[in-house]
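Right, one structure below, let's go through it.
No lab work stands behind these numbers, since they all come straight from the coordinates. Since this is a predicted model, take the numbers as computed values, not measurements. Here the Cβ positions follow ideal geometry from the backbone for every residue, glycine too, while neighbour counts run over all protein chains shown.
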Amino acid sequence: MSTIRIALHGAGGRMGRALVTAMAAMDDMELVGATDSPNSAVLGQDSGTLAGVGANGILITDTLEEAFAAADVVIEFTRPNGTMRAIETLAASPRKLVTGTTGLDPEQQQRLADYARKHATVVQAANFSVGVNLAVKLTELAARVLDENADVEIIEAHHRDKVDAPSGTALLLGRAAAEATGRSLEGDAVYARVGQTGARPPRAIGFATVRGGDIVGDHTVLFAGQGEQVEIRHRATSRANFATGALRAARWVMGVQNGLHDMPEVLGLNSR
Ligand code: NAD
């Protein structure tokens, strides 16, 4: 088994530290570089010590060229301008890239796609959780099989500090159910109910939001039919699930030549 050499961009962040932690437990991966923003307070710190898994000798730097030089794959969870800095650096010395940063604008997304086309393979996902990607696929399947026989309701719960609703993952699940049955989220979603709502429209995709405590992320897709219900549920207990998924993508990307890919491809979910 050959070792995959990884450089981490955004090593000081929550995801960066979760990745250092996850990698410390893996035999087939070696951390060879760690970077963060030029104005980050963690520059010069040992990435392992910062993540709480003991010193690993890889100090966090803002010199991307050096940190990426020995890597087979760069993994990055930063901010959109951090993603752009990474691909500018990598264009001169291409490496495969796994990126989870959200919020790229259309022009930034185009630059990432150009990098994938001209330079090296990229896996990009807004959600690297293996379980969430599987739940989306199961939702598509259930929606198709149950179709008009079951009402679709999505219930999501998150910690008290979350500022938006419904969650991006709830919307992803709702869209999967809608598209599998010829509905549209824009036309059929019902995001709130209060007062005299009238009977439930049969094609509605309902959302209910719970906020409280330190819930990391809990999503249920309920298919409520006549005399039976089916539930597809995903519960996240820590960020480790995103890190595990991103490392799985890093393993997968080693065997793939060029192009922009997503998590369902990594997991082989598109072919079934
Ligand atoms: P965070 O704020 O804890 O960490 C971000 C890190 O990136 C920080 O250390 C910051 O200093 C660094 N950074 C910011 N700008 C930079 C730049 N220009 N160059 C280099 N480093 C830079 O955030 P987080 O919770 O780790 O999330 C990071 C990103 O990943 C966000 O976009 C978040 O939405 C996304 N995210 C995606 C997934 C997924 O599964 N795809 C999961 C969790 C978070």
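Couple of notes before you dig in:
- Those residues of the range 1-40 whose amide nitrogen sits under 12 Å from the label point placed on His159, 7 Å along Cα→Cβ: 14-15
- Under 5 Å between amide hydrogens, built in the peptide plane, is the criterion, and for Val98 it picks out Val74, Ile75, Glu76, Val123 among residues at least 5 positions away or on other chains.
- Taking 0.36 nm per residue of separation and subtracting the Cα-Cα distance, full extension of the segment from Glu186 to Glu66 would add 38.6 nm.
- Cβ crowding within 10 Å, taken as a proxy for footprinting-reagent exposure, orders Glu153, Glu140 from fewest neighbours to most as Glu140, Glu153.
- Taking other C-beta atoms within 10 Å as the exposure proxy, Ile155, Ile6, Ile60 rank Ile155, Ile60, Ile6 from fewest upward.
- Kirkwood-Stokes translational diffusion coefficient of the chain, alpha-carbon pairs, 20 °C, 1.002 mPa s, µm²/s: 107 µm²/s
- Listed residues Ala157, Ala180, Ala11, most fluctuating in the chain (Gaussian network, C-alpha, under 10 Å): Ala180
- One compactness figure for the range 51-205 is 1.38, namely its Cα radius of gyration divided by 2.2 N^0.38 Å.
- Summing charges over neighbours of Asp62, with a neighbour being any other residue whose Cβ is under 15 Å away from its Cβ, gives -3 when K and R count +1 and D and E count -1.
- Anisotropy class of the range 157-220 from Cα gyration tensor, a/c 1.5 cut: oblate
- Distance between the range 44-98 and the range 179-249 - C-alpha centres, whole angstrom: 35 Å
- Considering only beta bridges that DSSP places wholly inside the chain, some 35 percent are antiparallel.
- The chain: relative contact order as a whole-number percent, Cα under 8 Å and 6+ apart: 20 percent
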